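Some notes on the structure that comes next.
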Amino acid sequence: YWISAEFIWTGLLVAFLIPSAVIFTLLAIAFKSFSKLNISHLYNLVPDLNPLNTAKDFESLSEQISSLTDVKTKEIDLLTERENYRREFLGNVSHELKTPLFSIQGYLLTLIEGGIDDESIRDKYLNRINKSVERLTYIVKDLDMITELESGSVKLEQKTFNILALTREVFDLLEIKAQNNDVILKIENPLDVPVRVMGDIEKIEQVLTNLVVNAINHSAKEGAEVIVSFQTQSGKIKTIVKDNGIGIKPDHLERIFERFYRIDKSRSRTHGGSGLGLSIVKHILEAHGEKIYVKSTYKEGTEFYFFLNKSN
């Protein structure tokens with residue numbers, strides 16, 4: 001059949017051009033109506049924008065929405081990070097409590113099944129049970145202190161004390177532990193005069209104890225030393241706890257003050273402890289309005305230091 005060109009063009013016009021024209025016309029009308037829409041109505045659709053209800057056109061409104069999106073994205077990232085931290089913390093608490101509990105259970109079962117009749121086995125396992133109970137006690141006490149420090153419910157008794165004399169007392173308490181690890185404890189204070197600071201003496205004693213114990217636990221195999229020294233800087237006393245031990249790799253430095261964070265899990269298990277020592281140090285000093293600082297070179301040693309207000 002023969003179809004004229006005029007008929008074909010008419011068909012194309014009807015099939016494509018006219019509908020397209022209608023669609024574009026409708027879009028133009030919609031856009032025109034949308035442009036006349038009161039921006040305040042859009043604020044009602046996004047309540048979080050109400051405090052910023054200053055946009056005069058859609059471009060500025062778009063900028064505000066982008067800014068709000070960035071804020072909400074950061075909030076979501078923070079919540080995700082906190083949730084991951086919570087899960088890790090609960091897992092660490094469970095592991096720390098489970099280890100001594102399972103040990104106690106195993107020793108008790110051995111004694112119940114007849115081991116108690118053998119004097120050598122009985123004494124050895126009872127001593128091990130006692131050590132496991134002590135570890136549980138340390139964990140619970142340290143967790144309780146962390147909770148109090150983080151909630152701000154701990155009240156500091158600020159007063160003047162001699163931190164040099166306090167360090168000597170800490171060394172006396174840790175003398176046997178140091179000897180067992182072949183570590184020499186030293187105080188560097190050539191003038192041997194009182195070093196008076198302002199703070200809570202009991203809490204600072206725990207800070208010094210935790211730092212020295214940490215240094216002993218990570219000491220070198222030979223010629224190990226832990227040195228505590230003091231410097232005066234801008235009206236404050238800088239207390240330095242330095243060792244020549246195994247050091248800390250850079251990727252661990254940012255996390256060592258987290259609860260239960262372990263650099264070397266096998267070594268930490270050997271030395272025991274709650275895994276909360278450095279975290280407690282951090283929180284105690286923050287309660288004093290100060291910070292704990294660390295410098296370390298892997299396989300050469302580590303230096304922790306903090307400041308307290310100097311007192312007359």
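In whole Å, what is the distance between the alpha-carbon centres of region 121-174 and region 216-241?
Region 121-174 and region 216-241 have Cα centres separated by 20 Å.
Excluding ligands, DNA and RNA, what is the solvent-accessible area per residue of region 155-220 at a probe of 1.4 Å, expressed in Å²?
Numbers: 3520 Å² over 66 residues.
Result: 53 Å² of accessible area for each residue.
Report the extension gain between E134 and I184 in nm, rounded to one decimal, defined as 0.36 nm multiplied by the number of residues separating them, less their alpha carbon distance.
Extra length from E134 to I184 when fully extended: 15.4 nm.
Please find the FRET efficiency linking V154 to D70, where r is the Cβ-Cβ separation and R0 is fixed at 35 Å, and quote it to the nearest 0.05.
Using R0 = 35 Å, I get an efficiency of 0.40.
Taking R0 as 45 Å, what's the FRET efficiency between K236 and Y298 from their Cβ-Cβ distance, rounded to 0.05?
Efficiency, rounded to the nearest 0.05: 0.95.
The values are calculated or read from the model by the stated rules, or taken from the named source; none is laboratory data. Remember, predicted model here, so these are calculated numbers, not experimental data. Cβ atoms come from the backbone with ideal geometry, glycine included; neighbour counts cover every protein chain shown. Keep in mind that these areas ignore ligands, DNA and RNA; they rest on the heavy atoms of the full protein, side chains included. Shrake-Rupley method; radii C 1.70, N 1.55, O 1.52, S 1.80 Å.
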